[in-house]
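Shown next, in structure tokens, is the structure this report addresses.
The numbers here are math on the coordinates, done by the rules we state, and not lab data. The structure presented is a predicted model; accordingly, all values stated were derived computationally and were not measured. Using ideal geometry, Cβ is built from the backbone for each residue, glycine included, and neighbour counts are taken over all protein chains shown.
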Amino acid sequence: MRSILDFWASFRLLPSAWLLLVQFVLLILAMLTFHDVFYRTLTWALGVFALLIIAKVIRQTPMFTFLGLIFVSGAIISSVFILLGYSNLTIQIFAHSCEALAYFSAAYGLFRYMFADRYLTRDELFAAAAVFTLIAWGFAFLYNICQLLIPTSFQNPNNAHHLQTWLDLLFLSFSLQSATGLSDLMPLSPPARVLAMLQMFCGVMYLALIVTRLIALQYIAHPTKKDSDK
């Protein structure tokens, strides 16, 4: 029991872990097709909670804090308008732009945080996973902007409509970033293909850098307390 309490106490102090947990819950909710007020309010609340955690991550990591918090504030304010029914094209594009920039800002801050020292901690392991999901979410928002501006940006044999669902866009994002290529969603417009190529490049480079970094940290000889006292 004591070990569980100790783990929970340390888990509360890890914003990267909380961010991962909230994103996994949002991923589970994306499977649901309910469009009532309760479902939209729940997903909005969790989305705002994720943005607040991102704001905490931005404040604790070495990056441009003021600019990142502006992105988070813009995303939260615009999402309130969308929840209230003011979901015209301009507000949607502005909201998704702020969300994408907020997620990318947090990913950049966590990436710099992981490379700031020579010690591998549990928080850095959560941060490594969080950066991957942050980048995937950010590109999914960019894909959504792309299809709002160009409705024929994607082709999906399972969806005859021009606009794809959020789950389909997120699945495409994770497929491209992990280099698995399992998505049946095909980018057609030039902006969508450019975004897809950029994400493939970012995904491959991130996996290469982070795996190399984590392996290298395991083989760095850290001084013991006895050695440091000499």
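General observations
- Once divided by 2.2 N^0.38 Å, the Cα radius of gyration of the range 97-196 becomes 1.21.
- P157 sits among other residues whose Cβ lies under 13 Å from its own Cβ, and their net charge, with Lys and Arg +1 and Asp and Glu -1, is -2.
- Ranked by how many other beta carbons lie within 10 Å on average, peptides 129-139, 79-89, 100-110, 180-190 from highest: 100-110, 129-139, 180-190, 79-89
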